[in-house]
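Novice: Sending over a structure as structure tokens; questions will come in a sec.
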Amino acid sequence: MGEPSGPEWRIHAIVGAVLLINVVFLKLSIDGPWDSESFTLGLTGSVSLSLFYVAWYRLTFRRRGLIPWVDLWEEPASSARKVLSCSIMVLSLAWLSGNHLQHLLPTPTGLVLSLIGFLMLTQSAYVLLSIGPLSED
């Protein structure tokens, strides 16, 4: 199912980087049908993060897809602990951006980071439980 050298991931990473540079630094936007340039920038930022995720998935697992099944992980226990620690860092950044950096960042930044952090936390908890107390072995 996986391609020998893996599917192309660089295009997703480059387009995601260009979009993110626009969102963070250039802030070029249109009103769009919702009459809000900031909403368009937020939507563009979400698309860039999605493209980064697809590029990471393709680079890491050398296959097309979006869901990192536990079967694909080489060392699920250590990887789940790394994802857990990264999720705690992302949730800390969400708290920081929602409280102390609110005046510098768009309003929903903390909410989006919280969503990403909690998804990472859920994934790591699932893996740790499925290889630990809930394993079939």
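Novice: Once phi is turned into ³J(HN,Hα) by the Karplus curve 6.51 cos²θ - 1.76 cosθ + 1.60 with θ = phi - 60°, what whole-Hz value does each residue of region 129-137 show in order, with x for glycine and proline?
Specialist: Going residue by residue, I get 6, 6, 9, x, x, 9, 6, 7, 6 Hz, with x marking Gly and Pro.
Novice: To the nearest 20 debye, what charge dipole does the chain have about its Cα centre, counting +1 at the Cβ of each Lys and Arg and -1 at the Cβ of each Asp and Glu? The partial results should precede the final answer.
Specialist: Details: 8 positive and 10 negative charges, 55 e Å.
Charge dipole of the chain: 260 debye, to the nearest 20.
Novice: Let me ask something else about it. Between Trp34 and Met89, what length in nm is gained on full extension when 0.36 nm per residue of separation is reduced by their alpha carbon distance?
Specialist: Values: separation 55, 0.36 × 55 = 19.80 nm, distance 3.32 nm.
Computed gain between Trp34 and Met89 is 16.5 nm.
Novice: If you don't mind, another one. If exposed means no more than 16 neighbouring beta carbons inside 10 Å and the site is in a DSSP loop, what's the longest run of the chain without any exposed trypsin sites (Lys or Arg not before Pro)? Working shown, then result.
Specialist: Working: sites that count: Lys27, Arg62, Arg63, Arg64.
Longest run free of exposed loop sites: 65-137.
Novice: Can you give the net charge of the other residues whose Cβ lies under 12 Å from the Cβ of Ser130, counting K and R as +1 and D and E as -1? Let's see the in-between values first.
Specialist: Numbers: positive: none; negative: Asp71, Glu136, Asp137.
Spelling it out: positives minus negatives among the neighbours equals -3.
Novice: Which FRET efficiency, nearest 0.05, do Leu115 and Ser135 yield, Cβ-Cβ r, R0 30 Å? Can you show the working numbers first?
Specialist: Numbers: r = 29 Å, r/R0 = 0.95.
After rounding, the FRET efficiency stands at 0.55.
Novice: Short version: what are the Cα gyration tensor semi-axes of the chain, square root of 5 times each eigenvalue, largest first, in whole Å? Please report the intermediate quantities before stating the final value.
Specialist: Values: eigenvalues 192, 90, 23 Å².
Gyration-tensor ellipsoid for the chain: 31, 21, 11 Å.
Novice: Given 20 °C and 1.002 mPa s, how large is the Stokes-Einstein diffusion coefficient of region 1-66 in µm²/s, with Rh as the Kirkwood radius over Cα pairs? Write down the numbers at each step before the final one.
Specialist: Details: Rh = 12.7 Å.
After rounding, the answer is 168 µm²/s.
Novice: Could you work out [θ]222 nm for the chain from helices alone, using -39500 (n - 2.57) per DSSP H run of at least four and dividing by all its residues? Round to the nearest 500 deg cm²/dmol. Each step should come with its number before you reach the end.
Specialist: Details: 4 runs with 84 residues, N = 137.
Rounded to the nearest 500, it is -21500 deg cm²/dmol.
Novice: If you don't mind, another one. So for the chain, averaging the separation of alpha carbon pairs under 8 Å that are six or more residues apart and normalising by length, what relative contact order in percent results?
Specialist: Details: 139 pairs, mean separation 30.9, N = 137.
Computed value for the chain: 23 percent relative contact order.
Novice: A further question on this structure: When the label point is put 7 Å from the Cα of Arg64 along its Cα-to-beta-carbon vector, which residues of region 2-42 have a backbone N closer than 12 Å?
Specialist: 2-3, 7-8
Novice: Work out the FRET efficiency for Leu72 and Ile14 from their Cβ-Cβ distance, taking R0 = 30 Å, and round it to the nearest 0.05.
Specialist: Numbers: r = 24 Å, r/R0 = 0.82.
Calculated transfer efficiency: 0.75.
Taken together, the values in this text are just the output of simple stated rules run on the coordinates, not laboratory data. Quick caveat, the model's predicted, so the values are computed rather than measured. Cβ atoms come from the backbone with ideal geometry, glycine included; neighbour counts cover every protein chain shown.
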